[in-house]
Amino acid sequence: MTTKALPWMPPNGDDVELVQVGLYWDAVRASADIGECALKLLADASGAVIADYGLMYWLIPSGHAQDWRRLQRGFHALSAQGAEVTYVGVPPAGWTDGPRLHWRIPVGPDRYLTDAARLREALVRAIAAEPAEGATAR
């Protein structure tokens with residue numbers, strides 16, 4: 001079995017690496033509650049996901065986040081836009097448990113980028129499924 005080499009891999013050392021968004025991938029940041037729901041909706045279609053306390057970051061193909069707008073509370077697309085430079089903290093490959101910065105879904109030959117359209121659909125559905133703020137169960 002031949003595995004395809006990825007154009008980018010997370011650091012192997014003991015330090016977090018700041019990676020400029022847009023060079024290898026764009027990122028989509030979501031709150032952990034919405035992110036966990038989206039992960040369930042995506043199932044095996046999710047690529048790598050970084051988690052950091054109450055946030056999750058999906059890696060999507062470079063250039064695909066620039067057309068996203070903040071649709072609702074809970075997620076935000078990060079891309080290289082004009083003179084604005086954005087960085088995402090990337091944990092070492094071996095950091096796979098939290099709550100600190102870690103890989104919720106590690107990068108691998110079969111887990112790298114998430115399809116942007118599928119992710120957007122899953123996030124919108126996750127937001128729609130979330131109870132409104134202040135609502136209480138009866």
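The values are calculated or read from the model by the stated rules, or taken from the named source; none is laboratory data. Only a predicted model underlies this, so the values are computations on that prediction, with no experimental measurement involved. Ideal geometry is used to build each Cβ from the backbone, glycine not excepted, and the neighbour counts take in all protein chains shown.
Within region 47-82, if we keep just the residues that are within 15 Å of Leu119 (Cα to Cα) and among the aromatic types (Phe, Trp, Tyr), the residue that is modelled with the lowest pLDDT turns out to be Trp68.
Considering the conditions (1) modelled with pLDDT under 90; (2) surrounded by fewer than 16 Cβ atoms within 10 Å (Cβ to Cβ), Glu121 is excluded by exactly one of them, (1).
Per this entry, Asp44 is counted among residues that are modelled with pLDDT of 90 or more and among the charged types (D, E, K, R).
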